[in-house]
């Protein structure tokens, strides 16, 4: 995938899971990479394991709940590497609680990270891409951006919101040759269920069965790079769980009856 060589790629949620795997995949293609997450020590670990140096990468810790620091971050990146070629919005959080259990505080927490922080980041990066009339914005959504599942109401809502926003953005910027790719993973073997927020605001602390049997994040990352290289608008990746999207489109009434019988994820 030669198109990536020499490109500057900014990846959020780069300290674990899909984000970590993406760092390593882009690094193998000769990219200059900006690694962002809250945990600086984990970012440094990923930087080292990916074979990156301080010349070819920038460790940029950032708490995406606090969007006011984004402009300063852009200035740091521009000073070191110049323009950003690819922005990968990967940071996010899942949930494990029902609607009736939820508090508005935790609901807003999920939406703030999964949706509003992404929009704030895109609005910070987009002007530079429009000015040079090139670049690609990649957002990691989910299969749950297409369907609703019990016990994941706000997570589903945030991913549905991403779908709508980026479909609209794509239509706005295509004449400026800025691309938008929405990635919809199914079950990927990461810590997403372990880190999922509960109704009380704590961590779920358990690996769900779907994640345990999911696709390796390294394989997922390679699929995502394929989608970016091909300039795809949307790309679904995972296992047989992806069939749920097709099922919901072809047989919506039957799908809704099935979903009503699915117990919220608790294990």
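Quick notes on this one:
- Top-ranked residue of the stretch 132-153 - restricted to ones that are crowded, with 22+ Cβ neighbours inside 10 Å and assigned to a strand (DSSP E or B), ranked as farthest from the chain's Cα centre (by Cα): 137
- Residue count for the stretch 154-173, restricted to those that are out of contact with any helix residue (DSSP H, G or I) (no Cβ under 8 Å at 6 or more places or on another chain) and either surrounded by 20 or more Cβ atoms within 10 Å (Cβ to Cβ) or modelled with pLDDT under 95 (or both): 1.
- The set of residues in the stretch 236-256 that are touching a strand residue (DSSP E or B) at 6+ places or on another chain (Cβ under 9 Å) and closer than 18 Å to residue 189 by Cα comprises 236, 237, 238, 239, 242.
- Residue in the stretch 225-237 that is within 21 Å of residue 95 (Cβ to Cβ) and surrounded by 14 or more Cβ atoms within 10 Å (Cβ to Cβ) present: no
- Only one of the listed residues (198, 177, 190) is surrounded by fewer than 22 Cβ atoms within 10 Å (Cβ to Cβ) and in contact (Cβ under 8 Å) with a residue 60 or more places away in the chain. That residue is 198.
- The condition of being more than 16 Å from the chain's Cα centre (by Cα), crowded, with 22+ Cβ neighbours inside 10 Å and closer than 23 Å to residue 23 by Cβ holds for only one of 207, 129, that being 129.
For every residue, the table says whether it meets (1) modelled with pLDDT of 90 or more; (2) farther than 29 Å from residue 108 by Cα.
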| site | (1), (2) |
| --- | --- |
| 192 | no, no |
| 195 | no, no |
| 203 | no, no |
| 216 | yes, yes |
| 224 | yes, no |
| 228 | yes, yes |
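- Filter result (more than 19 Å from the chain's Cα centre (by Cα) and in contact (Cβ under 8 Å) with a residue 12 or more places away in the chain) within the stretch 75-101: 76, 77, 78, 80, 81, 82, 83, 97, 98, 99, 101
- Contacts under 7 angstrom Cβ, first residue in the stretch 117-128 being farther than 11 Å from residue 74 by Cα, partner modelled with pLDDT under 95 and assigned to a helix (DSSP H, G or I), 6 or more apart: 117/67; 120/67; 120/70
- Every condition in (1) in contact (Cβ under 8 Å) with a residue 60 or more places away in the chain; (2) closer than 16 Å to residue 93 by Cβ; (3) crowded, with 18+ Cβ neighbours inside 10 Å; (4) within 15 Å of the chain's Cα centre (by Cα) is met by residue 220 except one, and the failing one is (2).
The values are calculated or read from the model by the stated rules, or taken from the named source; none is laboratory data. Predicted model, so just to flag it, every value in this text is computed and none were measured. Using ideal geometry, Cβ is built from the backbone for each residue, glycine included, and neighbour counts are taken over all protein chains shown.
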